[in-house]
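Novice: Sharing a structure with you now.
The values are calculated or read from the model by the stated rules, or taken from the named source; none is laboratory data. Here the structure is a predicted model, which is why all the values come from computation and not from measurement. Every residue, glycine as well, gets a Cβ built from its backbone with ideal geometry; the counts of neighbours run over all protein chains shown. The area values use the complete protein model at the heavy-atom level, side chains included, leaving out ligands, DNA and RNA. Shrake-Rupley method; radii C 1.70, N 1.55, O 1.52, S 1.80 Å.
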Amino acid sequence: MFTLEKFCEDAEQGNPVEDLQGFCDYVRQFQNVVLWGAGNLGKAVGAKFAQLGLKISVYWDAKYDEKADIDGISCN
């Protein structure tokens, strides 16, 4: 069973998601998903989200004016 608390604890320790389907179901609850950062890590997370069929609304990045979009998703 997916719990946000367990997910955060595992993420802090660098552990992989145990309940991937539960994580995906959790993310799909939200109307908008904003990824913080459009650099190397943000792009990697975005690619994984795409692989999992999770929709990203926008990337938020402090240097948004230097990046038009990431894989067709706008940067703000």
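Novice: So what is the 222 nm mean residue ellipticity for the chain from helices alone, if each DSSP H run of at least 4 adds -39500 (n - 2.57) and you divide by all residues, rounding to the nearest 500 deg cm²/dmol?
Specialist: Computed mean residue ellipticity for the chain: -12000 deg cm²/dmol.
Novice: Here's something else I'd like to know. Quick one: which residues, 5 or more positions from ILE70 or on another chain, have an amide H under 5 Å from its amide H? H modelled 1.01 Å from N in the peptide plane, none for Pro or chain starts.
Specialist: CYS75
Novice: I've got another one for you. Just VAL45, VAL27, VAL17 to compare: in a GNM of the chain, with alpha carbon springs under 10 Å, which one fluctuates most?
Specialist: VAL17
Novice: Assuming 0.36 nm per residue, please report the length gained on full extension of the stretch LYS6 to GLN31 beyond their Cα-Cα distance.
Specialist: 6.7 nm
Novice: What does the charge dipole of the chain about its Cα centre add up to, to the nearest 20 debye, if the Cβ of each Lys and Arg holds +1 and the Cβ of each Asp and Glu holds -1?
Specialist: Dipole size: approximately 260 debye.
Novice: Still on this structure, I have one more. Return the sequence-ordered ³J(HN,Hα) values of segment 25-39 in whole Hz as given by the Karplus equation 6.51 cos²θ - 1.76 cosθ + 1.60 applied to θ = phi - 60°, using x for Gly and Pro.
Specialist: Calculated HN-Hα couplings, in order: 4, 4, 4, 5, 5, 8, 5, 10, 10, 10, 8, 8, x, 10, x Hz.
Novice: For TRP60, which sequence-distant residues (separation of 5 or more, or a different chain) have an amide H within less than 5 Å of its own amide H, given hydrogens modelled in the peptide plane?
Specialist: Residues meeting the amide H criterion: LEU35, TRP36, GLY37, ASN76.
Novice: Now a separate question. Accessible area per residue, 1.4 Å probe, Å², for the chain: what's the number?
Specialist: Per-residue accessible area for the chain comes out at 74 Å².
Novice: What number results when the radius of gyration of the chain, computed over Cα atoms, is divided by 2.2 N^0.38 Å?
Specialist: Against the empirical 2.2 N^0.38 Å value, I get 1.15 for the chain.
Novice: Can I ask one more? For the chain, build the charge dipole from Cβ charges (+1 Lys, Arg; -1 Asp, Glu) around the Cα centre, then report which of ILE70, LEU41, GLN21 sits farthest towards its positive end.
Specialist: So the residue furthest toward the plus end is ILE70.
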